[in-house]
Structure formats: structure tokens, C-alpha cells
Amino acid sequence: GIQVEQSPPDLILQEGANSTLRCNFSDSVNNLQWFHQNPWGQLINLFYIPSGTKQNGRLSATTVATERYSLLYISSSQTTDSGVYFCAVEYYGDNDMRFGAGTRLTVKP
Amino acid sequence: DSGVTQTPKHLITATGQRVTLRCSPRSGDLSVYWYQQSLDQGLQFLIQYYNGEERAKGNILERFSAQQFPDLHSELNLSSLELGDSALYFCASSVAQGSSYNEQFFGPGTRLTVL
């Protein structure tokens, strides 16, 4: 079946460390987004990135569509980066976004 | 702030009851999506509307229904509620459906608790 797999499921970092989160998908995508769900439950858009590379401050993302994966990089992590990071994809021919199970990030001071 | 609004923020009700969740999309967005986030099922797509018409259905129960009104706001109706319906319900909106650009923006969610 069509899958969206995220790794690692959990990540604990010390403040200031860097990290890489991975999202694997199983088919060609029309849309891929990364979200951060904060402790209050809000889903915050990080990147719209069906292909290529984007950067926004300490965060950057790369999607290699031909190899069916996307990476989210967090540099110099801060405690406010804690939360769950979701990758979501829209496959060609679909009208819905399919979410991965998320990576729970905890940044310790 | 994504520009998508949802009301109410919290809802506590009893089994067997019916509730209505409301969503207003970002200005200019024609597509509205509903998602359910529960502890055991994760984030799941329920249903999509585009300019007032239903366009896609996901894992939506028959007890649930939705509609999009001429002013583009949408309502999700949940009836005969069960304990397992307790979840966070998100609305999202995007500019268009089926276009090459379809970034979705999420509202703050409605947390439903069924007792």
C-alpha cells in the first residue's frame, strides 16, 4: 500500500545540536509538506517541498522525488523546536494528504 | 497564524450526541479539508470540498457529514457520538484542487471530548 514513513520516531537532543529527520514515500508525489505540531497541538507549516531544496533560518529541507525521500534539517536546535514533526504527501491522482506517524523531538536545555 | 479559523476550540459532550464544528478558510482559498487526529490512528484525512462541492472522501464514518457553504466556510457534523470519536479535528484550506501548487494551511483545531 501507499506509505509515508518517518524516522526516527523519537529524538532527544541537547540545545545547540543539529538533527536530520527523514520521510520516505512510496510513489510519485504532487505535494509534500513538513509541519511542526507544537505542544498546544497547532500544525505549523514549515516547508512546501515536492522537490528541491529550501531553507528558512535554522531549518532546511530537501526532497529527492526520484528516490522518494525528503529530509528536514534542524540546526542549532532550541527548546522551542520541541514537538512533533510531520511529513505529509499528496500522491498524484489523490486529493488528500497522507501523514506519516511523525518524529517526536525533545530539545533539552 | 495560518489564516484558517476553527470554532469552537474545545467541545465536551456525551455519547449519542451530535456536534457541529466550523471552519473558515484563508481568504481566497476555495478548497477545504477536514482531518482527524487521534492517539491510535494518527492524522487522517476525512473529506474535501472545493467551491461548495464534495471532491474527495477519506476515512470518514457514515455518522459524520460535512458541507461547504457559498461563503466557503465549512461545517463538519458528527452524530451519534462514541467515546472513540474523541480527537483533535483539523480543518485545512488551499487555493485550488488539482493544481500544481496545493499547499495546505491548517487551522488551530477543535478538541472534541466525548464522555
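If I ask for residues that are surrounded by 15 or more Cβ atoms within 10 Å (Cβ to Cβ) and not in a strand (DSSP E or B), which ones from region A:52-74 would you list?
A:ALA65, A:ARG68
Restricting attention to region B:47-74, the residues being closer than 17 Å to B:PRO25 by Cα, part of a strand (DSSP E or B) and more than 11 Å from every other protein chain (Cβ to nearest Cβ) number 5.
Residues in region A:16-51 that are outside any strand (DSSP E or B), away from every other protein chain (no Cβ under 11 Å), surrounded by 14 or more Cβ atoms within 10 Å (Cβ to Cβ) and at pLDDT 95 or above: A:ALA17 only. All conditions in (1) without any contact (Cβ under 8 Å) to a residue 40 or more places away in the chain; (2) within 11 Å of chain A (Cβ to nearest Cβ); (3) over 11 Å from the mean Cα position of the chain (by Cα) hold for B:GLN44, with the sole exception of (3).
The set of residues in region B:54-70 that are farther than 22 Å from B:GLY16 by Cβ and at pLDDT 95 or above comprises B:GLN67, B:GLN68, B:PHE69, B:PRO70. Within region A:87-97, the set of residues being assigned to a strand (DSSP E or B) and either hydroxyl-bearing (Ser, Thr, Tyr) or at the interface with chain B (Cβ under 7 Å from one of its Cβ atoms) (or both) comprises A:GLU90, A:TYR91. So, in region A:50-64, how many residues would count as being in contact with a Pro (Cβ under 7 Å, 6 or more places away or on another chain) and farther than 19 Å from B:GLN104 by Cα? Within region A:50-64, residues that are in contact with a Pro (Cβ under 7 Å, 6 or more places away or on another chain) and farther than 19 Å from B:GLN104 by Cα number 0.
Per the conditions (1) basic (Lys, Arg); (2) touching a strand residue (DSSP E or B) at 6+ places or on another chain (Cβ under 6 Å); (3) exposed (fewer than 15 other Cβ atoms within 10 Å of the Cβ), the sole criterion not satisfied by B:ARG26 is (3).
The values are calculated or read from the model by the stated rules, or taken from the named source; none is laboratory data. Treat the numbers as computed from the prediction; the structure is a model and nothing was measured. All Cβ positions, glycine included, derive from the backbone under ideal geometry; neighbour counts span all protein chains shown.
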